[in-house]
Amino acid sequence: MNWIILTVAGLFEVAFAFCLGKAKETSGTEMYLWYAGFLVALTISMSLLIKATQTLPIGTAYAVWTGIGAVGTVLVGIFVFKEPTTFLRLLFLTTLIASIVGLKAVSE
């Protein structure tokens with residue numbers, strides 16, 4: 001169950017990065033709404049990370065949480081913000097995913 005909580009925490013990390021990206025593109029009231037979304041997603045992500053680390057090793061949990069956030073944020077950047085997609089970028093993204101799966105496999 002804590003691996004599911006950790007995964008959801010990582011997805012909320014992607015959400016707060018997405019909100020930052022959208023806030024950068026907007027102004028006025030809309031910008032402040034995106035910053036509010038950032039704070040909500042950040043709070044949820046951190047709360048779930050705290051919950052997951054009550055039973056999972058902190059080093060593994062933190063690495064997986066940041067890995068999910070990094071992979072998800074790169075994918076959001078590519079698909080939503082139209083960031084460039086290169087062979088090397090996809091290669092390193094794949095190795096990051098493999099590392100996350102590997103950490104899960106060798107942990108409890």
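Scanning region 83-93 for residues that are without any contact (Cβ under 8 Å) to a residue 12 or more places away in the chain and surrounded by 11 or more Cβ atoms within 10 Å (Cβ to Cβ), we see that the one that is farthest from L49 (Cα to Cα) is T85. For L20, the conditions (1) assigned to a helix (DSSP H, G or I); (2) within 24 Å of A105 (Cβ to Cβ) all hold with the exception of (2). Only one entry in L48, L90, L56, L103 is outside any helix (DSSP H, G or I) and among the hydrophobic types (A, V, I, L, M, F, W, C), namely L56.
Here is the figure for region 56-82: residues that are without any contact (Cβ under 8 Å) to a residue 60 or more places away in the chain, surrounded by 15 or more Cβ atoms within 10 Å (Cβ to Cβ) and not β-branched (V, I, T) total 9.
Among the residues in region 29-37, are any β-branched (V, I, T) and touching a helix residue (DSSP H, G or I) at 6+ places or on another chain (Cβ under 7 Å)? No, because not a single residue in region 29-37 is β-branched (V, I, T) and touching a helix residue (DSSP H, G or I) at 6+ places or on another chain (Cβ under 7 Å).
Residues are listed down the side, and each one gets a yes or a no for (1) among the small types (G, A, S); (2) touching a Lys or Arg at 6+ places or on another chain (Cβ under 9 Å):
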| site | (1), (2) |
| --- | --- |
| W3 | no, yes |
| E13 | no, no |
| A17 | yes, no |
| S27 | yes, no |
| E83 | no, yes |
| R89 | no, no |
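If you filter region 4-28 down to residues that are of a type in the set (S, T, Y) and touching a helix residue (DSSP H, G or I) at 6+ places or on another chain (Cβ under 8 Å), you find that the one that is surrounded by the fewest Cβ atoms within 10 Å (Cβ to Cβ) is T26.
No value in this document is a laboratory result; all are computed from the given coordinates. Please read all numbers here as calculations on a predicted model, not as lab measurements. Ideal geometry is used to build each Cβ from the backbone, glycine not excepted, and the neighbour counts take in all protein chains shown.
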